[in-house]
Structures are given as structure tokens and as C-alpha cells.
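The values are calculated or read from the model by the stated rules, or taken from the named source; none is laboratory data. The model shown is predicted, which means the values in this text are computed figures rather than measured ones. Virtual Cβ from ideal backbone geometry, glycine too; neighbours counted across all protein chains shown. Areas reflect the complete protein model, heavy atoms only, side chains present, ligands, DNA and RNA absent. Shrake-Rupley method; radii C 1.70, N 1.55, O 1.52, S 1.80 Å.
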Amino acid sequence: MKALLSSNQAKIWGLIFFVIVCAASFACSVMFGVNNYSIQDVIDAYTAFNGSNEHLIIQTARIPRAFIAIAVGASLAVAGAFMQALTRNPLASPSLFGVNSGAAFLIVLLVAFGSSASLMTLTWVAFAGAAMSAGIVYLLGSLGRDGLTPVKVTLAGSAVTAFFSSMTQGVLLTNGKAFDQVLIWLVGSVAGRELKMLLAVAPYLVLAMIGALLLSRHINILAMGDDVAKGLGQKTAYIKLGAAVVIVLLAGGSVAVAGPVVFVGIIIPHIARYLIGTDYRWIVPYCAVLGAILILLADVGSRFIAMPKEVPVGVVTALLGVPFFVYIARKGAKS
């Protein structure tokens, strides 16, 4: 199918348009919610701070929440695109790769059997669990004479996900304390997160984004098949390893900050490919911007579903993602 934006000039203008939409979504995230604020309120919170509740909420809650939403959405979308390229599975996502389940398992273990932990500690533990599970999947998928293959890495991801999910449920069933403390985190949310949690993993996310852009040309060649890529002189093992590191850093850092926000890594790459085709030099920046827009708008919507209470953003992305997942699965089955 021909891309909606076929020329490079159209792709550039399309990217500029979505960046503007992202900026508008950021403004909506800061302004709207249980309490609504004007643009002037936001400006005054930084230029004429007077210690009022409005200024405190904008500075300590709304602005950090919006930045975290951007980082999480962009990271999960790019990680999903790379996972689909690496596994050649249109339904691949961080949840399939075991990232979510590994992070959740270590968090639950810490809360259930350790002492009280700060949000920063939980962030680093989640990051370690995500990296651990993704590393296990990569190693299992690389076993054998033919190395890493789409089928093996998909099966390994499914097995690791099922294992850690079962272990997590077992701990939760036997420890009510763990269930109460990690329930919101397990659903996936950007609410109540502190900016320092994002800053802790930001260097890894930035490094991974740069790596994704540098690898994008090689991913284009790898998508043609291992034999073709090797024939063109590509070192496929190193490309796959680099892509796996990018996935671990992006998805692991996102899960560490916001928990397992689902379906972003499935929805956005397909939308990006519909818009601009299969060139990963364009897919990476488009996924980053579109993923940020999705989480920002989903978070804004989550504030109005059950007002004055808020629904975790992971619930909203699940509501959006399930019909999309079914559509892609049915389309793949037919093809």
C-alpha cells in the first residue's frame, strides 16, 4: 500500500504539523483537568510565582506530568517500531518482549519482602527488571545455530512474559501489602510521578533515541531479510544487538517511570507506516512525535472519564488499543 505522504517534502511538512499538534497537546495537558488553568496562569507560574495553589499545581504536577507523558509515549512507540522490525511481527510490543512483566515482578518482590521504598528506588528497580527480562528474551531467542530469528524471539518473549506474570500474581495473592501499594503502578499511569523520576532515566532514553536514529538505515536493510542484508555487507548480529539495546533502554526506562502503559508500541508504528511508509529513517521521528501525542491526549481524556477522580492513562490506551489490536490481528491472519 502506498504511503499517504510519499515525497520527502510532504514528510517534512507532516512532521512539522505533528510537532505543532504535540505542542498543543502539551498545553492541553497543563491547562485542563479537575482544575482548569489559562495560558496566563501557566506563564505566571514561572514568571510571577506567588506560592498559590494554582502555581504549585502547575509547577509540581502538571508540567512534570506532561513531560513524562511525552517521554513515555515517544519511547514506547519507537521501541514498538524496533520490536516489530526485529521480530517481523506486526503485533510485537514491550509487553510481548517481557519488559512489562519483568519490571512488575521485581517491583512486587521489593514491596512484598523488602522495606518501604521511595519512588526513586521503585523506578530503578523497575528499570532493572525491564532490562533483565528483555536480556533473557534476547539470549533465549539467540540460542541455536541460526541465531536470533523472529519466531524464536517471539516465542521466548511470550514464555518470559507468561513466567514473570505468573510469579507476580502468585506474590500478589499471598501478600496484600504488595497488592495495595503496586496496583496503580501495575495499571500504568503518569499521574503522581515526580520529575526527578524522569530525570533519572532521561540520559538512557536520549542515548537510545540517538541510537535508534543511527540504526534506522541499517534496520531498513535488515527488513529485507537476513540473507539480503548479509549480501549487502551488513553485520546483522551487531545490528540486532544494537536494536535490542535500544528497545531495552526505551521500553525499560518508560516502564520504570510510568508502569506498563500498553498498546502504544502497537498502535503508533502502524499509523506511522500508513503515513510515511517503511523507511525507518522517517518512522523513528514520526513514532516519537505521534507516541507523545497519544499519551498526552490519553492522559487529558483520563481526567474527564470519572471526574473528579482520574483513570490511569494505561486504561485509556487499553480501550483504544484493543480494537486496534483485533484489527491488525485479523488483517495479519487474512494476509
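Between the C-alpha center of region 150-223 and that of region 290-308 there is a gap of 20 Å.
Full extension of the chain segment joining Tyr46 with Thr149 gains 31.9 nm, where the gain is 0.36 nm per residue of separation less the Cα-Cα distance. For semi-axes √(5λ) of the Cα gyration tensor in Å, the value computed from the atomic coordinates appears in the list (1) 32, 26, 17; (2) 31, 25, 20; (3) 38, 23, 15 under label (1). Under 18 Å of direct C-alpha separation, and excluding same-chain neighbours fewer than eight residues apart, Lys331 reaches these lysines: Lys2. For region 144-286, rounded, prolate or oblate, judged on the Cα gyration tensor with a ≥ b ≥ c (square roots of eigenvalues), a/c < 1.5 rounded, else prolate if a/b > b/c? In terms of gyration-tensor shape, prolate. Comparing Pro285, Pro308, Pro64 in a Gaussian network model of the chain (Cα springs below 10 Å), the most mobile by mean-square fluctuation is Pro308.
By accessible area, using a 1.4 Å probe on protein heavy atoms only, the chain has 69% of its surface on carbon and sulfur.
If N is the number of residues in region 108-167, what value comes out of its Cα radius of gyration divided by 2.2 N^0.38 Å? Before the final figure, lay out each step's value.
Working: Rg = 14.5 Å, N = 60, 2.2 N^0.38 = 10.4 Å.
My calculation over the Cα atoms of region 108-167 gives 1.39.
For the residues Leu76, Leu96, Leu232, a 1.4 Å probe over the protein chains yields an accessible-area ranking, largest first, of Leu232, Leu96, Leu76. Between Arg217 and Ser38, the FRET efficiency from the beta-carbon distance, with R0 = 45 Å, is close to 0.50.
If I stretch the segment between Ala202 and Arg281 completely, what's the gain in nm (0.36 nm per residue apart, minus their alpha carbon distance), one decimal?
Numbers: separation 79, 0.36 × 79 = 28.44 nm, distance 2.22 nm.
Here the answer is 26.2 nm.
Ranked from the most accessible area to the least, with a 1.4 Å probe and all protein chains present, what is the order of Phe97, Phe49?
Details: Phe97 5, Phe49 100 Å².
Largest accessible area first, the residues go Phe49, Phe97.
Ordered from highest to lowest accessible area with the whole protein assembly present and a 1.4 Å probe, Asp44, Asp146 read as Asp146, Asp44. Rolling a 1.4 Å probe across the protein heavy atoms gives region 39-139 an accessible surface of 36 Å² per residue.
Among Gly73, Gly33, Gly157, the residue with the largest mean-square fluctuation in a Gaussian network model of the chain, with springs joining Cα atoms closer than 10 Å, is Gly33. Per-residue ellipticity at 222 nm from helix content only, as computed over the chain with -39500 (n - 2.57) for each DSSP H run of at least four residues, stands at -26000 deg cm²/dmol.
Roughly what would the spin-label model give for Ser7 and Ala237, points 7 Å off Cα along C-beta, in nm? Output for this residue pair reads 4.5 nm.
Within region 233-335, the trypsin sites (Lys or Arg not before Pro) that combine a DSSP coil assignment with at most 13 other C-beta atoms in a 10 angstrom radius are Lys235, Lys309.
If you run the Gaussian network model on the chain, springs between alpha carbon atoms under 10 Å, then out of Phe67, Phe105, Phe113 the most flexible one is Phe113.
Cross-link reach is defined here as a Cα-Cα straight distance under 20 Å, omitting same-chain residues fewer than 8 places apart; for Lys309 the aspartates and glutamates meeting it are Glu54, Asp180, Glu194, Asp299.
Put simply, when 218-229, 124-135 are sorted by average Cβ atoms within 10 angstrom per residue, most first, you get 124-135, 218-229.
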